[in-house]
Amino acid sequence: MPSTSPGHRRVALPLAAAALLVPAATACSSGGPGGSGASGGDQRLKVAMAFPPAQAMSPYGDDAVTLSRLAVVEGLTGLDKNGDAKPALATAWKRDGDLAWEFTLRKAAFQDGTQVDAVAVVRSLAAAQKASPKPRVLSDTTLTATAEGAGTVRVTTKAADPLLPQRLANPSLAVLSAAAYTDNGKGNGKVDPAGHATGPFTLAKVNGAVSATLERNDTYWGTKAKASGIDVKFVADGTARANALRTKDVDIAEYVPISQAALLGDNLVHEFPTARTSGLSLNTERGVFADPALRAAAREAIDSKTLATGVYEGRADTAQGLLGPGVPWAAELRTAPTGRAKAATPAEVAKTKEIVLATYTNRPELPEAATVVQQQLEKRGFTVKQVVRDYAQMEADALGGKFDAFLQARNTLLDTADPLSYLASDFTCDGSFNISQLCAKPVDTAVAKAASLADTDARHRAEMTAEAAILGADAFVPLVHERFIQGYDDARVEGVALDPMERTLITADTHIG
């Protein structure tokens with residue numbers, strides 16, 4: 001999900017990763033399952049997504065990413081392959097002092113036919129700011145938007161925010177029409193993006209956690225979608241997604257399990273690096289891991305190399321910190337963790353109560369990784385109970401601190417194309433996605449300092465100071481840095497976006513060739 005505001009040095013993704021963000025160009029064929037042999041523009045795409053809706057497609061949680069990956073929603077800005085802000089519903093922007101930015105809107109219509117104007121943008125940003133729980137991207141800032149005429153929006157922040165243009169590209173800050181808000185954008189009602197967004201595809205119907213139907217938005221302001229629509233199945237089981245791809249029941253399968261990659265073959269498997277780190281969030285507030293010495297013992301028990309070569313079959317990198325190879329500047333600026341406690345002895349560990357290690361099924365490697373982690377912890381003397389469910393069934397418990405340890409995969413650049421929002425939401429006292437329940441002054445201080453810095457290098461140094469403090473507290477134990485595999489037949493399907501920042505999968509150009 002890296003770059004800074006315009007005018008500052010770019011922080012490019014690795015060249016291979018940056019190149020993969022461009023929709024893949026593939027060979028065409030004239031028929032086959034999933035199509036009639038007609039042109040791609042007359043055909044529908046069949047897509048298997050890994051994560052069913054967790055919040056009824058609300059843009060304020062993880063469902064926002066699904067909406068973005070299906071090309072339903074847009075914000076004022078987008079992100080280019082380097083993580084720099086690019087025009088979307090805003091055609092241009094400029095900074096006015098330290099706290100304000102002005103955005104010039106393009107002429108565009110919502111999918112329900114109403115016009116995009118400054119009032120609509122202000123309504124959407126205000127609703128996101130008031131939403132509960134607050135979107136992660138807003139966990140470290142407060143936005144106030146005002147209309148300056150019909151075509152200009154002024155956005156101010158309480159503190160200097162050099163990443164605001166990138167922040168506004170976050171799917172949780174999508175601009176929706178008035179009809180999307182049951183409470184007129186006051187922040188105390190449901191938000192329904194179906195038919196009320198601006199993207200090239202319109203969300204027409206959602207069948208709970210089973211499926212969704214999307215139709216081409218024929219009034220889209222940009223390039224008209226080549227596919228006439230999308231039929232989405234939500235398939236949490238990774239093997240089932242791979243089988244659906246193998247049997248041509250779907251055209252595109254999101255997040256193919258590593259265990260299935262070799263079985264599918266190179267023409268169906270497309271691997272690319274990401275900024276995602278899989279790791280173990282330890283509950284620093286209550287239970288066994290409220291003791292820093294026991295957290296240190298858990299960290300010492302983990303063998304990252306075994307996980308990378310075993311569970312991930314060499315398709316992941318051993319953990320270096322919170323930020324892996326997908327954040328290329330991190331390694332050069334990394335410093336040793338600070339303030340680490342001395343690890344508890346095996347005898348001390350053996351006296352502890354049973355710990356609950358939780359993870360979710362939507363990413364098929366995680367349950368297998370949890371089993372290996374359980375074995376490593378038990379070898380150290382811990383007694384471990386596993387809880388494994390669909391992510392939608394456990395997010396609230398994880399955020400509420402119900403588990404001692406939570407194994408998750410997290411894209412460190414997802415929120416703003418810079419790790420600042422990730423650090424703020426996951427590890428600060430007021431963070432909205434703080435599964436480890438960490439509240440540590442050195443972390444908050446470093447994150448706050450980073451948020452105030454317009455200079456890219458200075459901000460990155462402050463972020464790495466925060467990383468050292470987080471790792472020093474053993475609030476999070478990095479396991480591996482992931483690479484991702486998307487599945488589609490490159491002889492049939494064109495225009496799939498392999499995006500290291502994970503916001504894009506389907507585009508207006510995605511179609512059956």
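In summary, residue 306 fulfils each of the numbered conditions (1) surrounded by 19 or more Cβ atoms within 10 Å (Cβ to Cβ); (2) modelled with pLDDT of 90 or more with the single exception of condition (1).
Within the range 451-477, residues that are more than 21 Å from residue 139 (Cβ to Cβ) reach partners that are in a helix (DSSP H, G or I) and of a type in the set (D, E, K, R) with beta carbons closer than 9 Å, at six or more positions or on different chains, in the pairs 458/449; 474/295; 474/299; 477/295; 477/299. Residues that are under 17 Å from the mean Cα position of the chain (by Cα) and of a type outside the set (S, T, N, Q) were ranked within the range 133-162; the one that is surrounded by the fewest Cβ atoms within 10 Å (Cβ to Cβ) is 133. Just a yes or no: is a residue in the range 222-242 open to solvent by less than 20 Å² (accessible area, probe 1.4 Å) and among the β-branched types (Val, Ile, Thr)? Among the residues of the range 222-242, at least one is open to solvent by less than 20 Å² (accessible area, probe 1.4 Å) and among the β-branched types (Val, Ile, Thr), which makes the answer yes. Put simply, of 198, 202 the only residue that is open to solvent by less than 50 Å² (accessible area, probe 1.4 Å) and part of a loop (DSSP other than H, G, I, E, B) is 198.
Could you give every pair whose Cβ atoms fall below 6 Å, whose first residue belongs to the range 358-375 and is basic (Lys, Arg), and whose second residue is surrounded by 18 or more Cβ atoms within 10 Å (Cβ to Cβ), counting only separations of at least 6 or pairs across chains? Hits for this filter: 363/409. Contact map, the range 293-321: residues that are under 26 Å from residue 350 (Cβ atoms) and in a helix (DSSP H, G or I) paired with residues that are open to solvent by less than 20 Å² (accessible area, probe 1.4 Å) and of a type in the set (Phe, Trp, Tyr), Cβ distance under 9 Å, separation 6+ or inter-chain. Pairs shown: 294/382; 295/289; 297/382; 298/289; 298/382; 301/382. Selection of the range 260-287 for residues being within 22 Å of residue 380 (Cα to Cα) and open to solvent by less than 20 Å² (accessible area, probe 1.4 Å) yields 278, 279, 280, 281, 282, 283.
Restricting the range 459-497 to residues that are in a loop (DSSP other than H, G, I, E, B), open to solvent by 10 Å² or more (accessible area, probe 1.4 Å) and among the aliphatic types (A, V, I, L, M) leaves a set whose member that is modelled with the highest pLDDT is 473. Please work out if residue 415 is under 20 Å from residue 162 (Cβ atoms), buried (at least 24 other Cβ atoms within 10 Å of the Cβ), under 23 Å from the mean Cα position of the chain (by Cα) and of a type outside the set (Val, Ile, Thr). The answer is yes for residue 415. Scan the range 500-513 for residues that are more than 17 Å from residue 224 (Cα to Cα) and open to solvent by 10 Å² or more (accessible area, probe 1.4 Å) and the total you get is 1. For the range 432-452, the set of residues classified as open to solvent by 40 Å² or more (accessible area, probe 1.4 Å) and among the aliphatic types (A, V, I, L, M) consists of 448 only. Scanning the range 263-285 turns up no residue that is outside any strand (DSSP E or B), out of contact with any Asp or Glu (no Cβ under 9 Å at 6 or more places or on another chain), aliphatic (A, V, I, L, M) and more than 30 Å from residue 491 (Cα to Cα). Taking the criterion of being β-branched (Val, Ile, Thr) and open to solvent by less than 20 Å² (accessible area, probe 1.4 Å), the residues of the range 101-132 that qualify are 116, 121. Of all residues in the range 459-513, those that are aromatic (Phe, Trp, Tyr) and within 30 Å of residue 215 (Cα to Cα) total 2. Residues considered: 262, 242, 236, 275. Of these, the only one that is modelled with pLDDT of 95 or more and aliphatic (A, V, I, L, M) is 242. You will find that of 118, 178, 92, 100, the residue that is of a type outside the set (Val, Ile, Thr), farther than 19 Å from residue 219 by Cβ, in contact with a Lys or Arg (Cβ under 7 Å, 6 or more places away or on another chain) and modelled with pLDDT of 95 or more is 100 and no other. Kindly indicate whether residue 347 is more than 27 Å from residue 414 (Cα to Cα) and open to solvent by 30 Å² or more (accessible area, probe 1.4 Å). Here the answer is yes, as residue 347 does meet what is asked.
The values are calculated or read from the model by the stated rules, or taken from the named source; none is laboratory data. Note that the structure is a prediction, hence the values are computed from the model and not measured. All Cβ positions, glycine included, derive from the backbone under ideal geometry; neighbour counts span all protein chains shown. Surface areas here come from the heavy atoms of the whole protein model, side chains and all, with no ligands, DNA or RNA. Shrake-Rupley method; radii C 1.70, N 1.55, O 1.52, S 1.80 Å.
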